[in-house]
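Student: I'd like to ask you about the structure that follows.
The values are calculated or read from the model by the stated rules, or taken from the named source; none is laboratory data. Not measured: the values here are computed from a predicted model. In this analysis, Cβ positions are derived from the backbone assuming ideal geometry, glycine residues included, and neighbour counts consider all displayed protein chains. When the accessible area is computed, the model is the full protein with side chains, heavy atoms only, and any ligands, DNA or RNA have been set aside. Shrake-Rupley method; radii C 1.70, N 1.55, O 1.52, S 1.80 Å.
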Amino acid sequence: MSKVILVTGATGFVGKALCRRLLEAGYAPRAGLQSRAAWPDLQATVPGISDFAVLGDLGANPDLDAAFQNAAAVVHLAARVHMMHDETSDPLKEYRRINVAGTEALARAAVRHGLRRMIFVSSTKVNGESTLSAPFTESDQPRPQDPYAVSKCEAEEALRSIGAKTGLEIVIVRPPLVYGPGVRANFLSLLKLVQRGVPLPVPDVKNQRSLVGVANLADFLVRCVDHPEAANETFLVSDGEDVSTRELIARMASALGHSARFLPVPEFAVRLAARLVGREAAVDRLFGSLVVNSDKARQRLAWNPPITLDGGLAATARWYLDAADRVLKS
């Protein structure tokens with residue numbers, strides 16, 4: 001009988017990829033859903049999945065008994081995600097309600113039901129917003145700088161405390177930017193601009209960015225489910241190939257079947273324009289560096305990302321072009 005693995009946030013970008021990979025690896029994913037209404041779509045997009053549990057709002061102390069019945073481990077993806085323009089009156093309070101209190105409730109339910117391990121997907125934003133001279137490592141002092149990152153850091157601390165008191169094995173995974181088929185937000189917006197051939201005001205800044213393809217992240221999370229060396233450890237994970245923003249755009253364009261177009265503008269001009277329209281933070285992210293050292297994940301768990309950066313971008317491009325073609329035909 002296959003081990004049942006509860007996956008919270010199963011309908012999300014990473015959640016769907018993880019459920020597919022769990023099925024491939026011989027596990028039985030149980031989709032943790034906020035409501036039953038999401039189940040038909042998940043069945044359609046994750047062939048072979050046959051089990052789900054309604055979790056409701058994790059920050060509202062829901063009844064989780066059914067979700068943990070006969071489960072061996074839980075991978076916790078559900079979260080209040082980082083938002084560029086948060087309109088709540090107290091963003092940190094709301095992040096804490098879902099990302100900290102909700103995570104604690106999930107861990108305590110896992111303990112009550114005798115689960116062996118909980119895998120928590122955190123964020124490199126716990127380490128900080130950028131790297132200067134050296135990549136982030138797991139041993140760095142956390143430096144969260146916004147409410148989302150603070151909540152993820154506090155959730156990590158809460159889980160370590162629960163694990164130390166109860167014996168629940170805690171595995172913390174901090175991915176950088178995740179991309180791949182089904183991606184949304186800024187990466188999708190950039191794909192659209194590149195596909196349209198819009199000349200982009202991206203100077204040749206020699207920054208470096210780490211990324212992780214969604215298939216690679218899902219593969220690593222599955223490795224963490226049973227590997228004995230993963231217990232009570234924190235891991236940074238990436239594709240292992242760091243690129244500048246301009247090189248990333250060029251590779252995206254190549255995956256889409258054409259060449260990237262760049263406007264010949266100096267960096268100071270772009271930064272000045274961003275300052276005038278209040279978008280300095282966005283430009284800092286675009287031109288800054290954020291590099292993670294994923295040696296620990298590779299060496300301790302004998303893991304290598306199965307898909308290269310170019311392979312991941314090619315899969316993303318195929319998905320995007322296919323989706324665009326379906327929209328045009330509908």
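Student: Assuming a ≥ b ≥ c are the square roots of the Cα gyration tensor eigenvalues, decide whether segment 97-178 counts as rounded (a/c under 1.5), prolate (otherwise, with a/b larger than b/c) or oblate.
Tutor: Since a/c reaches 1.5 and a/b is larger than b/c, the shape of segment 97-178 is classed as prolate.
Student: Still on this structure: For the chain, modelled as a GNM with alpha-carbon contacts under 10 angstrom, which of 81, 14, 237 fluctuates the most?
Tutor: Highest fluctuation of the listed residues: 81.
Student: Have a look at 72, 282, 53 and tell me which one the Gaussian network model of the chain (Cα, springs below 10 Å) gives the largest fluctuation.
Tutor: Greatest mean-square fluctuation among the candidates belongs to 282.
Student: Taking just the alpha carbons, could you work out the radius of gyration and Dmax for the chain, both in angstroms?
Tutor: Rg and Dmax of the chain, Cα atoms, are 20.0, 61 Å.
Student: Then there's this: In segment 112-216, with Lys and Arg counted as +1 and Asp and Glu as -1 at Cβ, which of these residues, 120, 171, 182, has the Cα nearest the positive end of the dipole, that is, farthest along it?
Tutor: Working it through, the farthest residue towards the positive pole turns out to be 182.
Student: Could I ask something else about it? What's the extension gain from residue 299 to residue 277 if we count 0.36 nm per residue and subtract their Cα-Cα distance?
Tutor: 3.4 nm
Student: Would you mind giving the average projected area, over all directions, of the Cα convex hull of segment 63-209 in nm² with one decimal?
Tutor: That works out to 11.7 nm², a quarter of the Cα hull's surface.
Student: Relative contact order, percent, of the chain when contacts are C-alpha pairs under 8 Å separated by at least 6 residues?
Tutor: 17 percent
Student: What's the carbon and sulfur percent of the chain's accessible surface, probe 1.4 angstrom, rounded to a whole number?
Tutor: Answer for the chain: carbon and sulfur cover 52 percent of the accessible area.
Student: Would you be so kind as to identify which of 195, 75, 141 lies farthest towards the positive end of the dipole of the chain, taking Lys and Arg as +1 and Asp and Glu as -1 on Cβ and the Cα centre as origin?
Tutor: So the residue furthest toward the plus end is 195.
Student: Computed FRET efficiency, Cβ-Cβ of residue 87 and residue 66, R0 35 Å: what is it to the nearest 0.05?
Tutor: Efficiency for this residue pair is about 0.55.
Student: Divide by every residue of the chain the summed helix terms, -39500 (n - 2.57) for each DSSP H run of at least 4, and state the resulting mean residue ellipticity at 222 nm, rounded to the nearest 500 deg cm²/dmol.
Tutor: For the chain, the value works out to -13000 deg cm²/dmol.
Student: Tell me the accessible surface of residue 98 in square angstrom (1.4 angstrom probe, heavy atoms of protein chains only), to the nearest ten.
Tutor: 40 Å²
Student: Let me know the shape class of segment 228-330, please: from the alpha-carbon gyration tensor, a ≥ b ≥ c as square roots of the eigenvalues, rounded when a/c is under 1.5, otherwise prolate if a/b is greater than b/c, or oblate.
Tutor: It comes out oblate by the Cα gyration axes.
Student: For segment 84-181, what does the accessible surface come to per residue with a 1.4 Å probe? Please give it in Å².
Tutor: 45 Å²
Student: According to the square roots a ≥ b ≥ c of the eigenvalues of the Cα gyration tensor, what is the shape class of segment 171-281, taking rounded for a/c under 1.5, prolate for a/b larger than b/c otherwise, and oblate for the remainder?
Tutor: Judged from the Cα gyration tensor, segment 171-281 comes out prolate (a/c at least 1.5, a/b above b/c).
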